[in-house]
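All of the numbers you see were taken from the coordinates with simple rules; none came from a lab. The structure displayed is predicted, hence computed values, not measured ones. Cβ sites come from the backbone with ideal geometry, for glycine too, and all protein chains shown count toward neighbours.
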Amino acid sequence: MLPRDTNARGTIFGGVILSHIDLAGAIAAHRHVPRNFVTKAMREVEFISPVYVGDVVSFYAALVREGRTSLTVRVEVESERFHQPGQKVRVTEAEVVYVAIDEDGRSTPIK
């Protein structure tokens, strides 16, 4: 993570992490079903540990539920500390719901 993403306390903005969660989940959704998706919901995001400038942050995404027009993806986030290589801490996790859309932006079946 880079200095431009920090808040006044010197840690990475939570919103930056949320944005990356959304991207990681969308990639997993698209890999499962190659369609266009929009984000409908992000559930139960609770930050456990801060992320510092220079940390290497990893996002692990996996499909947990498939509906008629939607997919739910669980994204887990961990950070490897820049000043302590090899030390990894859990940052947060979230379930993100994506809805498949057609060319007109309307929900569409995923199969």
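Starting from region 1-89, pick out the trypsin sites (Lys or Arg not before Pro) whose DSSP state is loop and whose Cβ has at most 14 other Cβ atoms within 10 Å. Answer by residue number: Arg9, Arg68. Other residues with beta-carbon under 10 Å from the beta-carbon of Val97 carry, at +1 per Lys or Arg and -1 per Asp or Glu, a net charge of +2. Multiplying the residue separation of Val53 and Gln84 by 0.36 nm and subtracting their alpha-carbon distance yields 9.9 nm. Applying the criteria of a DSSP loop state and at most 10 other Cβ atoms within 10 Å to the GluC sites (Glu not before Pro) of region 34-104 yields Glu44, Glu46, Glu103.
Here the 3J(HN,Hα) profile of region 83-100, calculated from phi with Karplus coefficients 6.51, -1.76 and 1.60 at θ = phi - 60°, is 8, 9, x, x, 7, 10, 10, 6, 9, 5, 8, 7, 9, 10, 9, 10, 10, 6 Hz, Gly and Pro shown as x.
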